[in-house]
Amino acid sequence: MRTGQLLRTQAFRIVLVYVLVFGFSVSALLAFTYWNTRRTLDAQTDQIIEAEITGLAEQYSHLGLRGLAETVRARSLHGGQALYLLSDGLRHTIAGNLDAWPQTVATPNNFVEFDYERPVEGKLETRRARGRMFALSGDFVLLVAQDVHERYLTTRMFTTTLPWTVALILLLGLGGGALMSQNMLRRLDAINRTSGDIIKGDLTRRVPLAGSGDEFDLLAENLNRMLDRIERLMKGLREVTDSVAHDLRTPLNRLRNRLEESVARLNAGGGGSGNMANEIERAIVETDQLIGTFNALLLIAETDAGTTRASMVALDLGEVAADVMELYEPLAEERQVSLTLVPAADVMVDGNRSLIAQAMANLVDNAIKYTPEGGQVRIGLAVKDRFVEMSVADSGPGIPAEDRARVVERFVRLEASRNSPGTGLGLSLVSAVAHFHNAALVLEDSDVAGGGLKAVLRFPRTVLRTASLKSAAE
Amino acid sequence: MRILVVEDDLEAQRYLVQGLKESGHVVDEAADGESGLALALSRPYDVAIIDRMLPLKDGLKVVAEMREHGNSTPVLFLSALSEVDDRVKGLKAGGDDYLTKPYAFVELLARVDALMRRRSPVGVKTRLDVGDLELDLLTRGAKRSGTDIDLQPREFRLLEYLMRHAGQVVTRTMLLESVWEYHFDPQTNVIDVHISRLRAKIDKGFEAPLLHTVRGAGYMIRAH
């Protein structure tokens with residue numbers, strides 16, 4: 001599976017740190033054991049050597065050189081671990097079982113270590129020895145040493161196996177860590193996939209349980225309980241929206257019917273009542289405005305809740321933008337505003353076609369409304385790294401930066417536009433549509449000549465085709 | 001023409017039935033889904049107007065069962081529900097058109113007329129005529145009194161739709177839905193601007209205008 005993802009998991013990082021600490025501890029422990037063993041063994045050897053030297057020095061002082069040489073010769077014949085060499089000032093051998101002065105390889109604490117050869121089972125073998133040189137009066141030198149080859153081999157084993165041990169620990173640790181994180185990752189993946197589906201609007205999804213009753217199952221159970229609650233709330237919200245819609249639309253419908261009926265009757269009655277008919281017709285226009293605002297509010301509520309996604313399809317923003325451009329082009333021409341489209345290739349999003357068209361139309365409508373004669377409005381499309389952008393920039397008066405957050409709120413209309421027609425819901429609806437599509441509505445300074453406002457709808461670039469298929473099948 | 005109205009709000013039903021009768025239609029009515037379905041299956045209708053939410057049997061189910069029985073009467077759904085998805089659901093369930101309450105009666109009437117027109121077989125036409133205005137659907141060319149008229153593709157579709165419904169009122173939302181294939185509320189009446197452009201092309205310089213504005217309703221193309 002995705003190695004990069006594996007390396008980024010928290011579980012793997014924890015394992016990695018643990019393995020490193022463990023490896024370091026084991027190395028330190030082994031190093032200490034090595035050092036301690038060697039020190040103890042060396043101390044034993046050194047004690048024997050010291051004792052011998054003391055003994056031999058006594059022999060020398062009592063019996064002189066000859067006596068010492070006799071003793072050395074006698075001891076040399078034992079053929080044990082002990083090695084002796086007695087020489088004069090010119091390093092000529094007088095007695096001992098070494099035939100020449102050895103090449104010193106190390107000199108720890110007045111002791112010398114050297115390699116010598118000794119026949120073992122008919123073969124010459126190079127072995128390690130540790131000893132001490134002792135200067136006697138009269139320029140004679142005595143070397144007393146012990147064969148420490150066993151100790152040497154043991155300690156050398158430490159130094160050669162240590163790196164392998166550490167490497168093995170790291171390897172096993174990392175392998176185990178990878179397995180462990182993969183398992184965790186699989187469980188988390190399941191949770192993430194479910195949450196993703198739910199964010200896309202499929203509220204019926206639940207996190208699967210492994211049945212082991214571990215903390216992941218506990219987490220999943222808690223999430224599922226939370227989801228049950230959210231689903232209930234969303235369903236309630238939807239029911240409220242539906243009944244508000246139904247309970248207000250039915251009387252509004254009757255009201256409009258009655259007004260229409262009255263006009264029809266007055267007109268059928270003929271003459272005289274024209275003034276009355278006009279009044280009622282104006283009431284119908286007012287009613288229609290009321291209905292328009294009500295519909296916009298309901299659409300915002302419904303879109304904001306985002307509970308239903310049946311109408312999501314893979315959509316070419318370029319096509320919608322071209323349609324909206326084409327729809328508004330004569331209006332722009334009439335207002336003497338130049339309307340242009342900057343197209344881009346492959347601007348695909350998953351969306352509701354009529355909601356996105358409505359949002360674009362609202363933005364273009366606003367832009368044309370607020371741009372003075374001779375100005376320009378530009379619809380732009382762009383594909384960025386992680387976004388697909390649709391923007392509408394104008395050369396109108398713009399919106400001061402401090403008011404930009406406020407104008408997307410419901411019914412907010414700036415003082416400057418208080419008298420122009422509109423419900424004050426246009427931008428709120430755009431914002432709700434953006435929210436519905438996981439897109440962001442950003443208001444910024446216009447980049448067309450003459451300044452003004454630029455409204456950008458920034459859609460995430462991932463095309464969620466599977467999700468839309470799933471909910472469409474319901 | 002024979003129309004079936006299934007509507008549980010009796011006030012609205014009365015108004016609807018009366019309006020349709022005044023427009024010269026024969027109307028049967030029902031106030032719940034089951035009797036509505038029984039009526040729909042018992043005799044032929046030219047159009048059925050069915051409320052989306054009905055007692056006893058939901059409007060969607062009524063239409064689904066009508067279609068299961070091989071009944072292909074055009075259905076206009078009336079709905080007091082919210083719009084975004086219910087519209088899609090209604091059309092998927094077998095509805096032919098969808099109108100949200102509150103509606104203007106002229107809008108409903110125009111849509112009912114359009115549904116009936118859709119049903120009457122006229123054969124495959126390659127040419128549409130209204131007065132001295134001709135539209136050639138094959139060459140995509142328009143002529144008035146023999147003079148070529150240069151039309152943009154969308155203007156052609158607009159004119160085609162109007163001419164296919166010649167003599168009938170066509171509302172702005174109907175035009176947006178069928179010519180642009182969008183269902184939304186353009187804040188400013190952009191359709192009007194398109195119509196006046198088209199009017200400048202086909203009526204300017206001619207004594208008898210063909211493209212008429214029907215006050216409070218929409219537009220109509222007719223010879224006289």
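The values are calculated or read from the model by the stated rules, or taken from the named source; none is laboratory data. These figures come from a predicted structure and were not determined experimentally. FYI the Cβ positions are ideal-geometry reconstructions off the backbone, even for glycines, and counts take in every protein chain you see.
Please go through the range A:331-353 and pick out each residue that is at the interface with another protein chain (Cβ under 9 Å from one of its Cβ atoms) and either part of a strand (DSSP E or B) or surrounded by fewer than 22 Cβ atoms within 10 Å (Cβ to Cβ) (or both).
A:GLU333, A:GLU334, A:ARG353
So, in the range A:241-261, of the ones that are at pLDDT 85 or above and over 10 Å from B:PRO102 (Cα atoms), which residue ends up surrounded by the most Cβ atoms within 10 Å (Cβ to Cβ)?
Checking each candidate, the answer is A:LEU259.
If A:ASP288 satisfies all but one of (1) facing chain B (nearest Cβ under 10 Å); (2) crowded, with 18+ Cβ neighbours inside 10 Å; (3) acidic (Asp, Glu), what's the number of the condition it fails?
A:ASP288 satisfies all of (1) facing chain B (nearest Cβ under 10 Å); (2) crowded, with 18+ Cβ neighbours inside 10 Å; (3) acidic (Asp, Glu) except (2).
(1) in a loop (DSSP other than H, G, I, E, B); (2) within 18 Å of A:THR250 (Cα to Cα); (3) in contact with a strand residue (DSSP E or B) (Cβ under 8 Å, 6 or more places away or on another chain): which one isn't true of B:PRO102, the others all being true?
The single condition B:PRO102 does not satisfy is (3).
Quick check: anything in the range B:29-43 in a loop (DSSP other than H, G, I, E, B) and farther than 18 Å from B:ALA80 by Cα? Please lay out each step first, then the result.
Filtering the range B:29-43 down to residues in a loop (DSSP other than H, G, I, E, B) leaves B:31-32, B:43.
So of that shortlist, the ones also farther than 18 Å from B:ALA80 by Cα come out as B:43.
Yes, there is a match, as at least one residue in the range B:29-43 is in a loop (DSSP other than H, G, I, E, B) and farther than 18 Å from B:ALA80 by Cα.
Of the conditions (1) over 20 Å from the mean Cα position of the chain (by Cα); (2) within 17 Å of B:VAL17 (Cβ to Cβ), B:LEU99 clears all except one; give me its number.
All conditions pass for B:LEU99, except number (1).
Could you list, in sequence order, all residues of the range A:209-240 that are within 14 Å of chain B (Cβ to nearest Cβ) and either farther than 30 Å from A:ALA296 by Cβ or surrounded by 15 or more Cβ atoms within 10 Å (Cβ to Cβ) (or both)?
Residues satisfying the conditions are A:MET234, A:LEU237, A:ARG238.
In this structure, does A:ARG130 turn out to be of a type in the set (Lys, Arg) and assigned to a strand (DSSP E or B)? I'd like the intermediate steps shown before the answer.
On the way: of a type in the set (Lys, Arg): yes; assigned to a strand (DSSP E or B): yes.
It is true that A:ARG130 is of a type in the set (Lys, Arg) and assigned to a strand (DSSP E or B).
Table: residues versus (1) at pLDDT 85 or above; (2) surrounded by 15 or more Cβ atoms within 10 Å (Cβ to Cβ); (3) of a type in the set (Ser, Thr, Tyr).
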| site | (1), (2), (3) |
| --- | --- |
| B:ARG87 | no, yes, no |
| B:ASP96 | yes, yes, no |
| B:LEU99 | yes, yes, no |
| B:ARG111 | yes, yes, no |
| B:LEU115 | yes, yes, no |
| B:ARG118 | no, yes, no |
| B:GLY123 | no, no, no |
| B:ASP136 | yes, no, no |
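Name the pairs: first residue in the range B:173-193 and more than 9 Å from every other protein chain (Cβ to nearest Cβ), second residue assigned to a loop (DSSP other than H, G, I, E, B), Cβ to Cβ under 8 Å, at least 6 apart or on different chains?
Close Cβ pairs (under 8 Å, with a partner that is assigned to a loop (DSSP other than H, G, I, E, B)) amount to B:THR173/B:HIS183; B:GLU177/B:HIS183.
Out of the residues in the range A:354-391 that are out of contact with any helix residue (DSSP H, G or I) (no Cβ under 7 Å at 6 or more places or on another chain), without any contact (Cβ under 8 Å) to a residue 60 or more places away in the chain and within 14 Å of another protein chain (Cβ to nearest Cβ), which is nearest to A:SER431 (Cα to Cα)?
So the residue we want is A:SER354.
Being at pLDDT 80 or above and of a type in the set (D, E, K, R) is the filter here; which residues of the range A:137-175 pass it?
A:ASP147, A:GLU150, A:ARG151, A:ARG156 - these are the residues of the range A:137-175 that are at pLDDT 80 or above and of a type in the set (D, E, K, R).
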